[in-house]
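Notes follow the structure.
The values are calculated or read from the model by the stated rules, or taken from the named source; none is laboratory data. Because the structure is predicted, anything quoted here is derived from the model rather than measured. Note: ideal-geometry Cβ built from the backbone for every residue, glycine included; neighbour counts use all protein chains shown. Remember, those area values only see protein heavy atoms, side chains included, never the ligands or the DNA or RNA. Shrake-Rupley method; radii C 1.70, N 1.55, O 1.52, S 1.80 Å.
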Amino acid sequence: MYLSNGNYEAFANPLKPAGVDKKSAYIIGGGLAGLAAAVFLIRDGRMRGNKIHIFEELDLAGGSMDGIYNPERGYIIRGGREMEAHFETLWDLFRSIPSLENADVSVLDEFYWLNKADPSFSHTRVIERRGKRLPTDGKLTLTQGAIKELIDLALMREEDLNDVQINEVFSEEFFESNFWLYWATMFAFERWSSAMEMRRYILRFVHHVGTLADMSALKFTKYNQYESLITPLVSYLDTRGVKFHYDTRVTNVITKSAKGKIMATQLQMESHGHTKKIDLSPDDLVFVTNGSITESTTYGTNDSPAPLPAGIGGSWTLWKNIAEQNPAFGRPEKFCENIPAANWVISATITFKDDRIVPYIEKICKKNPHSGSIVSSGPVTIKDSNWLYGFSISRQPHFRKQKKNEIIVWTYGLLSDTKGNYVKKKITECTGAELCAELLYHMGVPKTEIEDIAHNSANTVPAHMPFISTYFMPRAIGDRPKVVPDGSVNLAFIGNYAETARDTVFTTEYSVRTAMEAVYTLLNIDRGVPEVFDSGFDVRVLLRSIYYLNDRKPLRDIDMPWLLKVLGKQGLKKISGTYLEQLLQEAHLV
């Protein structure tokens, strides 16, 4: 496997890999990573679909990218992924997947046209005092000291950040900035999260510093991501004969290590109440989705909280069983154990059944939720919420079968160890109606109307996800297994707990990238994997980021001794009339 940059190889079709006709593939996990691996095996590896098996412990595919109507509870979405133009492998995947609404175009075409016609833009990113926009919303409010801390972290080597937390590299003045508020609530970072991952995010998304407040760089699907992305993938694979094995839990992958080589030799699983084993040869390729952020999720109702989850579930048990066999397979306990109490574990799907909430949405988001346009363009954060509560409203309808008068709102709280402002309970203790009531309070709904709306005009489904924050657990190099461990003959790891260089977890891109790297490596496909977007190495982007980090100030108005040491007044004079001056002008710094 090798990396590529540019469109020379992006449009090329690789030759059929040697020996692929005698190979089979066993994919553990039917989430985005597993489905993407199957597509790459067929499209680029020329493997026949009937030689590919996908084992999924649930009764449907999609993994964490869900969206479903449950007749007993109602509409459920556990979360959503923000996407951007430079998810190189994601778009490489979906350019080949036909749309289910128009078979003549791809999912990428459909997505591209939609976001051109209805681009993302947030009119209000943060509210406080019961629905009022934060006076400094739109500004990053970083001090010079905080900016220096950001740059210092970006310049550190990754190996110097083993097991380091974010609050060990930033001072309190950084955490008081709007930058941190935007950053934490968009990506779900906590103060205790991994500084190593924070550094990756800074380098990976530096080109979005200027749009962090208005979220205009984000892209969104037409419906929930299950219907918009997962169902077309499943349809593509079904029509090509891929074999889906639902209600099947793989409990272990037996491996053999000898003479520097690692080989998966047997799969052990439980399917529909029966134990089964599959013996493997070097031509049987195994792709393991190790770990899951939505494993062991429990659900509540409008009148009952989501029960406390029990156990670590199948995906974590599988990874632990595999990891016991070889240190190269990672350390799952670093992610699924000792999770801090102050974390995000609860989200909720609220279905409003009439228009009583519409005036409050319009006041905050400046959009009518029935317009068909994207409403909040990502999260709206409630700064003075004890839960650090927030909500997001996508294009409506969010489900194809949704009724015209219904509005679906997704909510989440990043702090689960404190009591709410209106509902004097921890978020984990709340019923659906109580989660709805807390949101209504912060949106400015009169207190005399809150309970009636929460109980009679809305249905709220809480979801308790004990591992949702574990992507960001403080970690060290080696805690996540390499996509293809050194010496592996037929075993690869895929998904957000596998290790690939430079990219960031908690993204659809990471799932697809690890799948592509795994398939290209094990089949030795002669086509480059598109490398991670190089914005962190683009001087134009870096100059613009200085401008935006300082809330759109030119150099002459920035009290920045660490920068002036490099440039200085004399330095600025010397570059007068040069291309460097032109770059500074384009970045609005001079």
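Maximal additional length on extending the K419-E101 stretch stands at 110.0 nm, based on 0.36 nm per residue less the C-alpha distance. The fraction of accessible area contributed by carbon and sulfur in the chain is 52 percent, rounded to a whole number (1.4 Å probe; ligands and nucleic acids excluded).
A probe of 1.4 angstrom, applied to the heavy atoms of all protein chains, finds T239 with accessible area near 100 square angstrom. Comparing Cα centroids, the stretch 126-142 and the stretch 427-441 end up 23 angstrom apart. Using the Stokes-Einstein relation with a Kirkwood hydrodynamic radius computed over Cα pairs, the translational diffusion coefficient of the stretch 218-323 at 25 °C and a viscosity of 0.890 mPa s comes to 143 µm²/s. Between the listed residues P98, P305, V242, the Cα displaced farthest toward the positive end of the dipole of the chain, a dipole computed from Cβ unit charges relative to the Cα centre, is found at P98.
Pairs of Cα atoms under 8 Å, at least six residues apart: use those to get the relative contact order of the chain, whole percent. Don't skip to the answer; put the middle values down first.
On the way: 1240 pairs, mean separation 136.6, N = 590.
The value is 23 percent.
Based on the Cβ-Cβ distance from D152 to Y8, what FRET efficiency comes out when R0 is 41 Å, to the nearest 0.05?
Numbers: r = 37 Å, r/R0 = 0.90.
So, using R0 = 41 Å, E works out to roughly 0.65.
Assuming R0 = 22 Å, what is the FRET efficiency of T428 and N338, from their Cβ-Cβ distance, to the nearest 0.05? My answer for the efficiency is 0.80. If the chain linking D118 and F175 were pulled fully straight, counting 0.36 nm for each residue of separation and taking away their Cα-Cα distance, it would gain 17.2 nm.
Per residue, the chain reaches -8000 deg cm²/dmol at 222 nm when only DSSP H runs of four or more residues are counted, each adding -39500 (n - 2.57).
Quick one, could you list the DSSP H helices from the chain stretching 20 Å or more along their long axis (Cα atoms) with average Kyte-Doolittle hydropathy of -1.0 or above? Walk me through the intermediate numbers first.
Details: long enough: 508-522 (22 Å, 0.05).
Helix filter hits for the chain: 508-522.
P(r) for the chain, from all Cα pairs and a bin width of 20 Å, is 20, 53, 25, 2 %, short bins first.
The largest accessible area among Y299, Y75 belongs to the first residue in Y299, Y75, and the rest follow in falling order (1.4 Å probe, all chains). Over the stretch 211-272, accessible surface divided per residue gives 42 Å², non-protein components excluded, 1.4 Å probe. In a fully extended conformation the segment linking E270 and T136 would gain 42.8 nm over its present Cα-Cα distance, using 0.36 nm per residue. Calculated accessible area for the stretch 28-173 comes out at 42 Å² per residue, all protein chains present (probe 1.4 Å; ligands, DNA, RNA ignored).
Going toward the positive end of the dipole of the chain, with +1 on Lys and Arg Cβ and -1 on Asp and Glu Cβ, which of L218, H53, A587 do you reach last? Projecting each Cα onto the dipole axis, the largest value belongs to A587.
Just to confirm, what accessible area per residue do you get for the stretch 371-507 at 1.4 Å probe, in whole Å²? Please report the intermediate quantities before stating the final value.
Working: 3980 Å² over 137 residues.
That works out to 29 Å² per residue.
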